[in-house]
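Q: One structure, pasted below without further comment.
The values are calculated or read from the model by the stated rules, or taken from the named source; none is laboratory data. Computed from a prediction, not measured in an experiment: that's the story for all the values here. Here the Cβ positions follow ideal geometry from the backbone for every residue, glycine too, while neighbour counts run over all protein chains shown. Heads up: the accessible areas ignore ligands, DNA and RNA and are worked out on the full protein's heavy atoms, side chains in. Shrake-Rupley method; radii C 1.70, N 1.55, O 1.52, S 1.80 Å.
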Amino acid sequence: MPAPRTILLTGAAGGLGTLMRSLLPEYGYTLRLFDARPVEGEPGAITADLGDKEALGEAVRGVDAVLHLAGISLEAPFEKILRSNIEGTYNLYEAARLAGVPRIVFASSNHAVGFTPAPRAGEPLIPVGTPRRPDTFYGLSKSFGEDLAQLYWDKHGLETVSVRIGSCFPEPTSVRMLSVWMSPADGARLFHAALTAEEVGHTVVYGSSANTRLWWDLSTARALGYDPQDDSEPYAGKLIAEQGELDPENPAHRHLGGHFVNDPPIWPY
Ligand code: NAI
Ligand code: 15L
């Protein structure tokens, strides 16, 4: 596949979309922006819902790839998740297939495997092939997205890299995040690798920095050419002093998905 240049960025108004709008142009991409909410300072952005098939058809026309970040990013009633994350992602894949877009990078989540016990010291890292164990309807929708991506590769030859993102924020803010944090700069490195690697078929990767306390196996991400440069460890002293070490008796501490397993944050809209 020739190196993609024009990328449709869905979810451009969100936290990760905003970070990627500032970081990805350095890699030479031209971004076409899409979100249900207006994108501040970007009058050319497409303001439309993933339920709007006509708008999606326009949005994907002529792009080299899609970075699909749009969707409900926390827990919500099933009906809302169904509309935005399940039907919305299906609508995007159909639009991409009809327009001949060759590749999608899909923002999956660690919550597709959130009920997986976190490895203790000395135990092996969690592989991408671990059985999916969603911790919420939200995680279930990411599990669906990964299966949809596999179907569109097997049936239609549309490639996807599904990135099970850990926590991509400017800094880690909890002891759990020391294990799952992805710095924004590493996020841009990983998305760039996923957009440009040769012949990915449908590849599933975990998305995090090279954290000292890493819980999962980054080898499929590294095989795409991803070379993470950051590590959460410099934040460990302060966070552990404030919050204490993880307690293996606490369900929110002993699963990959953290507090999503028992007290998930709720989508506010
Ligand atoms: P966010 O909630 O800040 O942004 C999501 C964006 O999607 C919002 O701007 C929202 O308006 C848009 N959106 C939601 N439903 C839509 C619809 N039906 N049609 C069009 N636009 C819609 O979330 P964030 O943190 O930026 O995450 C981006 C993506 O990455 C999400 O898919 C999320 O599930 C995934 N992810 C993010 C992680 C993180 O650490 N930030 C971790 C794991 C996954
Ligand atoms: C996610 O999937 C969420 O979208 C994000 O807001 C964080 O909560 C992240 O997971 C996490 O697990 O920290």
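Q: Would you say Gly41 is near ligand 1 (Cβ under 9 Å from one of its atoms) and more than 17 Å from Ala193 (Cα to Cα)?
A: No; evaluated as a whole, the condition is false for this residue.
Q: Additional query: Scan region 152-182 for residues that are surrounded by 16 or more Cβ atoms within 10 Å (Cβ to Cβ), assigned to a loop (DSSP other than H, G, I, E, B) and away from ligand 1 (no atom under 11 Å from the Cβ) and jot them down.
A: Leu158, Ser174, Val175, Arg176
Q: If I go through region 112-124 residue by residue, how many of them are of a type in the set (A, V, I, L, M), within 23 Å of Asn262 (Cα to Cα) and not in a helix (DSSP H, G or I)?
A: Number of matching residues: 1.
Q: May I pose another question? Among residues belonging to region 132-157 that are free of Cβ contacts under 8 Å to residues at least 40 places away in the same chain and either among the hydroxyl-bearing types (Ser, Thr, Tyr) or touching an Asp or Glu at 6+ places or on another chain (Cβ under 9 Å) (or both), point out the one that is nearest to ligand 2 (Cβ to nearest atom).
A: Among those residues, the one meeting the criterion is Ser143.
Q: Ok, one more. Return the pairs, sorted by first residue and then second, in which the second residue is hydroxyl-bearing (Ser, Thr, Tyr), the first residue lies in region 91-102 and is more than 16 Å from Phe34 (Cβ to Cβ), the beta carbons are less than 9 Å apart, and the residues are 6+ apart or on different chains.
A: Arg97/Tyr152
Q: Given the structure, is Ala48 open to solvent by less than 20 Å² (accessible area, probe 1.4 Å) and farther than 18 Å from Ala149 by Cα?
A: Criteria met by Ala48.
Q: Among the residues of region 218-227, write down those that are closer than 22 Å to Gly257 by Cα and open to solvent by less than 50 Å² (accessible area, probe 1.4 Å).
A: Leu218, Thr220, Ala221
Q: I'm trying to understand the selection: among the residues of region 189-212, which are surrounded by fewer than 20 Cβ atoms within 10 Å (Cβ to Cβ) and more than 20 Å from Gly157 (Cα to Cα)?
A: Listed by number, the residues that qualify are Ala210, Thr212.
Q: Please determine, by comparing only the residues of region 98-125 that are more than 14 Å from ligand 2 (Cβ to nearest atom) and open to solvent by less than 30 Å² (accessible area, probe 1.4 Å), which one is farthest from Asp64 (Cα to Cα).
A: Checked region 98-125; the qualifying residue farthest from Asp64 (Cα to Cα) is Pro119.
Q: Also, I was wondering about something else. Which residues, taken from region 1-37, are out of contact with any helix residue (DSSP H, G or I) (no Cβ under 9 Å at 6 or more places or on another chain) and either among the polar types (S, T, N, Q) or in contact (Cβ under 8 Å) with a residue 60 or more places away in the chain (or both)?
A: Hits for region 1-37 are Pro2, Thr6, Gly15, Thr18, Thr30.
Q: For Thr160, state whether it is in contact (Cβ under 8 Å) with a residue 24 or more places away in the chain and farther than 22 Å from Leu190 by Cα.
A: The answer is no for Thr160.
Q: Moving to a separate point now. Quick check: anything in region 129-151 modelled with pLDDT under 95, surrounded by fewer than 18 Cβ atoms within 10 Å (Cβ to Cβ) and more than 12 Å from ligand 1 (Cβ to nearest atom)?
A: no
Q: For region 64-97, enumerate the residues that are away from ligand 2 (no atom under 14 Å from the Cβ), in contact with a strand residue (DSSP E or B) (Cβ under 8 Å, 6 or more places away or on another chain) and open to solvent by 20 Å² or more (accessible area, probe 1.4 Å).
A: Asp64
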